[in-house]
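Contents: one structure, followed by commentary.
The values are calculated or read from the model by the stated rules, or taken from the named source; none is laboratory data. Everything numeric in this text was worked out from a predicted model, so none of it was measured. Reconstructed Cβ throughout: ideal geometry from the backbone, glycine too, with neighbour counts over all protein chains shown.
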Amino acid sequence: MSAKAARIDQEGNRLSTSLWEARRLRVVVADATFGWIVTAGALCFGANIFFSRYLFWDSYLDLTGGRFVAQHGIPRHEALTTAAHRSWIDQQWLAHWIYYEAWRFGGYPLVAGVSSLLVASAFALLCALLVNRRVPPQRAFLWTLAAFIACVGNTVIRAQSFAYPLFVLLLWLILADARRPGPRFLLVVPLLVLWSNLHGTVLLAIALAAGYAAVRLFLAARARILPLAATYFAAGTAGALALFANPYGPSIVHYYRALIGNSVVSHYIVEWAPPSLGNATSFGFFALLFVVVGVAAYGVGRGSPLTPSLVVIVTALALLATQGVRYQAWFAVAGAVLAGETFAFVRPKPAELSAYFQRLGALAIFIFAVVAVVLLGRTSDATFERLAPRDAMYAAASYTDKHRGSTILADEESSSGLLWLYPRTAGHVAFDARLEQYGDDDLRSWFTYISGGEPGWPGLAARYDVLVASRKENPNLVARLETLSGWRQTKKESPSYANAASLLPRPTG
């Protein structure tokens, strides 16, 4: 080799041809791996933008809560609805504030962009975690895509978007520690502290982290490795206390107590009910559950050494997911890791796409992501608000302007939308998306009203001055409202009703 062609390392030493080629190969492999990870994130980002350009009652709550935090600070006393408890615990205050600030700077498109970026970052991290677990990059991409599909319906604009990347990071920390125990597991503490101010799934995260720490503490103590035992004791204790690392301290327990195990909520809200084949959002869960169980069984039969901590986590999340749709996403993430690494052990060398097709596919995905961003920027406010009966809400807000002390009974889409779009209706609207704020009897009455069912439907409606409903979301309710006597319908296309008997007389002559 001539001096001119010689390869030199960072310290000025001359490299042999074989060593140079080995290093060059590692760089190429690293670049290809990074490409698969970034492409996975880009695909999830673009797809999520296409399917989440709308607001629903949780989205409106995020923005309303964020506006309150920005203008008045951390909420402690009820200021929005008439039927809520006197105290207001906004566990998701930080997520709400971030969404509101995003709206201030860029409107709804930026809010949707932030939400989709959070979701996409989580699945890019999932792809990286799979690669870290020795899953071939091409397969890691496919397992990531499978997990994302199983989460469809749970990745819309809401505070939960913040929990996705945090969950993947938590899973990574647990699995990394299971492979090589050490002090880095203490990183779960700041992760949980941040999570405690963003979304209620921190309770699930604390259970996973503290449970893992407890098992490791027992093993370290039995082996008399005291420094390691102290690490797990500190991580488990501090992790559990992270539940209170928010502006509400111990009072936050009331928030979780009002939601967990609430039979009224699980009866009426699909997300809190067990999954079923009649619910389209559960199709992906059932398919992935079947695949994960099948791959794990196949791997065990072929001698694959399953990671005990991962098996326990996936099993626990699968059991939770059979009890509530809201747990499906977390099972999908962990289940993809278990299935991915198990299959990689049994079949370690898949047929790789040629470099040409890899580049072509990546280019197509990035073009798709760019098109999604352009489409997002051109999406109108009306498109984002399409589920809410805007004309009816305006009529209701105008009525309360003229009649102080009047109250509004609205369905789930209209109630939170009213509070966001017409802030002056605060103190007039009866209910909103903060289900933890209401007693069981009040919630049952509200959901009975929304369904247009009995008992007590006419009596509940008669207690309010204005009734608002979305024909698109609750046609049965609207059909029932149209049969009421003594009420004047103000908007046919998206009905709002005002009590003509006492407050809004019908025009005569």
Quiz prompt | Which numbered condition T82 fails, given (1) under 22 Å from R424 (Cβ atoms); (2) among the polar types (S, T, N, Q); (3) within 17 Å of the chain's Cα centre (by Cα) | solution = (3)
Exercise. Test each condition in (1) more than 33 Å from the chain's Cα centre (by Cα); (2) at pLDDT below 80; (3) not in a strand (DSSP E or B) for A498 and report the one that comes out false.
Key: (3)
Quiz item: Of (1) under 19 Å from the mean Cα position of the chain (by Cα); (2) under 14 Å from A332 (Cβ atoms); (3) surrounded by fewer than 15 Cβ atoms within 10 Å (Cβ to Cβ); (4) among the small types (G, A, S), A280 satisfies all except one. Which?
Solution: (2)
Exercise. Please work out if L145 is in contact with a helix residue (DSSP H, G or I) (Cβ under 6 Å, 6 or more places away or on another chain) and either in the same structural domain as G35 (by TED's automatic domain parsing) or at pLDDT 95 or above (or both).
Key: no
Exercise. Report, by residue number, each residue of the stretch 401-424 that is farther than 21 Å from R480 by Cβ, surrounded by fewer than 24 Cβ atoms within 10 Å (Cβ to Cβ) and not acidic (D, E).
Key: K402, H403, R404, G405, S406, L421, Y422, P423, R424
Exercise. Would you please list the contacts, defined by Cβ atoms under 6 Å and residues six or more apart or on different chains, that run from a residue in the stretch 218-233 that is touching a residue at least 24 places away in the same chain (Cβ under 8 Å) to a residue that is assigned to a helix (DSSP H, G or I) and exposed (fewer than 12 other Cβ atoms within 10 Å of the Cβ)?
Key: none
Quiz item: Hey, which of the helices (runs of 4 or more DSSP H) in the stretch 348-433, taking only ones fully inside, have at least 2 residues that are under 26 Å from the mean Cα position of the chain (by Cα) and either of a type outside the set (D, E) or at pLDDT below 90 (or both)?
Solution: 355-377, 381-384, 412-421
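Looking only at the stretch 422-453, which residues are farther than 17 Å from S266 by Cα and touching a residue at least 60 places away in the same chain (Cβ under 8 Å)? Full working, then the answer.
Residues of the stretch 422-453 farther than 17 Å from S266 by Cα: 422-431, 452-453.
Correct list: P423, A426, G427, H428, V429, A430, F431.
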Exercise. Might you check whether a residue that is among the hydrophobic types (A, V, I, L, M, F, W, C), more than 28 Å from N48 (Cβ to Cβ), surrounded by 15 or more Cβ atoms within 10 Å (Cβ to Cβ) and modelled with pLDDT under 95 occurs anywhere in the stretch 288-305?
Key: no
Exercise. Please identify the pairs in which a residue from the stretch 354-366 that is touching a residue at least 40 places away in the same chain (Cβ under 8 Å) and not assigned by TED's automatic domain parsing to the domain that holds T39 has its Cβ atom under 8 Å from the Cβ atom of a residue that is surrounded by fewer than 10 Cβ atoms within 10 Å (Cβ to Cβ) and not in a helix (DSSP H, G or I), counting only partners at least 6 apart or on another chain.
Key: none
Quiz item: What number of residues within the stretch 454-480 are among the small types (G, A, S), more than 22 Å from L387 (Cα to Cα) and without any contact (Cβ under 8 Å) to a residue 40 or more places away in the chain?
Solution: 3
Quiz item: What pairs can you find where one residue is in the stretch 337-349 and surrounded by 24 or more Cβ atoms within 10 Å (Cβ to Cβ), the other is of a type in the set (S, T, Y) and assigned to a loop (DSSP other than H, G, I, E, B), and their Cβ atoms are less than 6 Å apart, with a gap of 6+ or different chains?
Solution: T342/S304
Quiz prompt | Sole exception among (1) in the same structural domain as R67 (by TED's automatic domain parsing); (2) outside any helix (DSSP H, G or I) for L130, by number | solution = (2)
Self-check item: L481 surrounded by 18 or more Cβ atoms within 10 Å (Cβ to Cβ), within 35 Å of the chain's Cα centre (by Cα) and at pLDDT 75 or above
Solution: yes
Quiz item: Does any residue of the stretch 112-119 turn out to be buried (at least 17 other Cβ atoms within 10 Å of the Cβ), touching a Lys or Arg at 6+ places or on another chain (Cβ under 7 Å) and assigned to a helix (DSSP H, G or I)?
Solution: yes
